[in-house]
1. Any idea how far apart GLU13 and ARG151 come out in nm if each label point goes 7 Å out from Cα toward Cβ?
2. How much of the DSSP bridge set in the chain is antiparallel, in percent, rounded to the nearest 5?
3. Where the centroid of each part is defined by its Cα atoms, how far is the range 166-191 from the range 1-57 in Å?
4. Where does each of 39-49, 146-156 land if you order them by average Cβ count within 10 Å, highest first?
5. Dipole size in debye (nearest 20) for the range 51-158 around its Cα centre, Lys and Arg Cβ +1, Asp and Glu Cβ -1?
6. Cα-Cα pairs above 24 Å in the chain: how many percent?
7. To the nearest 10 square angstrom, how much accessible area does SER160 have with a 1.4 angstrom probe?
Amino acid sequence: MQNTTIKLLPLKEAKPFIETWHYSKKVPTGKNIFFGWFYFDTLYAVADYGIGVNSYQAKFLQKITKKPVSNSNFLELKRLCRTEPKNENLYLTQFLSLCHKELKKMGYKYVVSFSDPEQNHNGGIYKAANFKHLGKTNPEIHVIDENGIKRHRKYPYRYSQRKNISIQEARKILKLTRIKTCPKDRWFIEI
């Protein structure tokens, strides 16, 4: 598309954008490859690819897709966000296609991503971008604090490690209640 460019972004540029425009308000830790999509000179969208939290994901994807997926040739699309209001002439599917072309040049062959129904994300963007739906994940156990704010399941674990107490004790001290999340939809594409 005319007047648009894609480029790799450093963390210092991607982080404030993701913290502003992605529903999670967080940049994942670990390996991240950030792409920015610029309309004229204004950053319109960011995609964050990297290693996901599940270290067995490549083996699982290889098993269900029958493709040679390995930790060295696949990435997870961990964040995708754009500014508001939406520009009706800029399609995130086009941005994903441009990102995938760049990733392919870097030696990657596969991308997995997840849509979260708890965030009203039904995966429509992935369907439109030719990802294949590979079923749902298992529900996860997270925790909520006394104010009803959802926290990651590792929150009480990390606290228990610092204080040398059990996770149950940590949950009690932190006033956390365990909850089960909805399964997420898994999406996969060969690039």
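1. It is 3.6 nm.
2. Within the chain, antiparallel bridges account for around 90 percent of the total.
3. Using only Cα atoms to place each centre, the spacing works out to 24 Å.
4. 39-49, 146-156
5. 620
6. Percentage above 24 Å: 46.
7. SER160 has an accessible surface of roughly 0 Å² with all protein chains in place.
The values are calculated or read from the model by the stated rules, or taken from the named source; none is laboratory data. These numbers were taken from a predicted model, which means no experiment stands behind them. Every residue, glycine as well, gets a Cβ built from its backbone with ideal geometry; the counts of neighbours run over all protein chains shown. With ligands, DNA and RNA removed, areas are computed over all heavy atoms of the protein, side chains included. Shrake-Rupley method; radii C 1.70, N 1.55, O 1.52, S 1.80 Å.
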